[in-house]
Amino acid sequence: MATTACRRKLQALVGVLLGAALFLGGSLAARADGVVHGFYFYSPECSHCEAIGKDVLPALEARFGTQLELLKFDIREPANYRVLLALEERYGVENVGLPEVFIGSDVLVGEEAVRSGLERLVEKYLEAGGTDFPTPDLPVAAGTPPPTATPAGEAIINLAYFYQAGCRQCERVAYDLELLRARFPGLRVVAFDISKEHALNEALAERASLPGEQRLVTPAIFVGDDALVGSEITLPRLEAVIERYAETGAPPVWETVRPESAAESIVRRFRSFGVLTVVGAGLIDGLNPCAFATILFFISYLSFVGRSRRDLLLTGAAFTGGVFLAYLLVGLGALRFLQAVSGLAVVGRVIYGLMAVLCLAFAVLSVHDAWQARRSKPEAMRLRLPKALQRQVHRVIRENTSRPAFVGMAAVTGLVVSVLELACTGQVYLPTILFVLGRPELRLQAASYLVLYNLVFVLPLIVVFVVAALGAGSARLAVLANKHTALIKLLTAVAFVVLGVWLLTVVL
């Protein structure tokens with residue numbers, strides 16, 4: 001424990017010195033001298049950082065030795081976090097995440113970006129003769145370590161923070177609050193899991209006169225007479241709100257409301273829902289790009305290896321069934337624990353990353369095939385299996401040896417994708433239904449709405465795989481495809497690029 005405390009104090013001191021160096025516009029290294037210098041920001045509580053720390057950094061440090069100097073900063077230390085924020089602003093980082101690496105004029109954000117790009121980045125700067133540490137040309141406050149106790153006479157600012165397991169934006173807000181606790185010693189943050197505090201959130205939202213679409217939403221901040229919800233929560237806005245109460249303080253607003261009366265407000269909102277309201281909400285939420293990208297990938301892959309219409313239907317049904325089952329079980333409380341499993345997010349990113357790479361590879365091959373089709377050389381097409389391999393695949397299909405495994409994988413993928421996206425789905429309708437499930441007198445109606453919501457939610461997926469399966473066995477479409485092969489290949493390439501880029505944005 002003492003060693004850990006000393007290490008954290010040392011990191012804080014380094015962060016302060018680094019902040020001062022940035023403030024003065026100086027450089028931590030006078031010259032690169034053939035060495036690549038960079039900053040690595042992480043948190044021990046971040047599973048992606050843990051994976052990079054175990055799998056990537058040791059191998060790179062062993063390979064490059066003294067040619068690579070990567071300073072590591074724990075962003076739980078306010079000084080380090082301020083430096084990270086300044087660098088993000090200077091580099092124009094919009095989609096923030098962890099871990100983050102800054103080398104030269106480049107930045108890598110997220111596990112997959114660091115895993116796939118850091119080695120190439122080091123090689124790039126070594127070929128250029130090395131690079132100094134990043135030094136923003138703007139002032140950076142060094143910050144101070146968080147106090148162990150509130151100074152006497154300091155105004156207490158009580159702040160309510162609502163979060164949800166699996167909510168990526170909530171994680172960053174938590175770091176912002178830690179940073180602000182260092183600046184405002186009187187800031188007292190009380191965190192509430194919204195899955196257990198629906199009524200309290202509703203009560204505070206009523207007190208702040210928030211509209212219905214901003215209730216039961218995370219992340220959410222309530223302090224004094226102010227409230228910030230979702231994308232409204234940025235560090236500058238949060239800092240400005242807390243600044244208003246620096247002298248006067250703010251009482252614990254959660255002690256001034258009556259959650260039991262707010263619970264009735266949620267019930268009234270539920271009673272106002274009609275069948276069409278639930279259907280509309282499910283349909284809008286069901287237009288989930290991640291789920292679409294995943295099922296289209298399965299369809300593309302199955303078509304590529306020559307699977308039958310039956311296989312397309314089975315795989316699509318399995319994936320859609322996994323999505324439906326995941327939302328239903330989470331709604332009933334059976335899978336909520338999975339949202340807190342950090343390793344699940346890593347699995348999801350790996351799945352998305354692999355699919356993105358394959359989609360982009362298929363796009364390149366499709367462009368090649370379009371060129372060959374224009375030259376009337378269909379035999380030179382790449383995006384199809386060789387004759388011998390086609391016969392082997394067809395034999396495997398006839399024997400049904402691989403179908404159960406592939407269908408099972410589709411179902412599991414549907415479940416994983418759903419759990420990963422749950423925190424960003426449902427808006428106010430799904431949380432309201434889930435809350436009312438706990439009311440015995442309305443449980444049957446709420447359960448029926450939950451099933452209806454989930455059925456409509458997966459309807460777009462059903463349409464996609466049914467249309468694809470019908471098209472796979474259509475003789476008319478086959479004739480059309482043979483007649484316009486080049487155009488279809490180009491359109492296929494565009495579709496694969498769109499899917500691949502979208503999946504990469506999810507991963508990174």
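The residues on offer are S209, S231, S261, and the sole one that is assigned to a loop (DSSP other than H, G, I, E, B) and small (G, A, S) is S209. Restricting to the stretch 36-62, name every residue that is surrounded by fewer than 21 Cβ atoms within 10 Å (Cβ to Cβ), touching a residue at least 24 places away in the same chain (Cβ under 8 Å) and over 24 Å from V173 (Cβ atoms). Of everything in the stretch 36-62, those that are surrounded by fewer than 21 Cβ atoms within 10 Å (Cβ to Cβ), touching a residue at least 24 places away in the same chain (Cβ under 8 Å) and over 24 Å from V173 (Cβ atoms) turn out to be D55, V56, L60.
Whether any residue in the stretch 129-152 is modelled with pLDDT under 85, closer than 30 Å to A227 by Cβ, of a type in the set (A, V, I, L, M) and under 21 Å from the mean Cα position of the chain (by Cα) is what I want to check. No, the stretch 129-152 contains no residue that is modelled with pLDDT under 85, closer than 30 Å to A227 by Cβ, of a type in the set (A, V, I, L, M) and under 21 Å from the mean Cα position of the chain (by Cα).
Here is a yes/no grid of residues against (1) modelled with pLDDT of 65 or more; (2) not assigned by TED's automatic domain parsing to the domain that holds E202:
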site: V241; (1), (2): yes, no
site: Y245; (1), (2): yes, no
site: E264; (1), (2): yes, yes
site: V279; (1), (2): yes, yes
site: G282; (1), (2): yes, yes
site: L312; (1), (2): yes, yes
site: G322; (1), (2): yes, yes
site: L329; (1), (2): yes, yes
site: F337; (1), (2): no, yes
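Of the residues A203, A191, the single one that is assigned to a helix (DSSP H, G or I) and closer than 20 Å to P252 by Cα is A203.
The values are calculated or read from the model by the stated rules, or taken from the named source; none is laboratory data. This one's a predicted model, so the numbers in the text were calculated from it and none came from an experiment. Don't worry about glycine lacking a Cβ; one is built from the backbone with ideal geometry, like all the others, and counts go over all protein chains shown.
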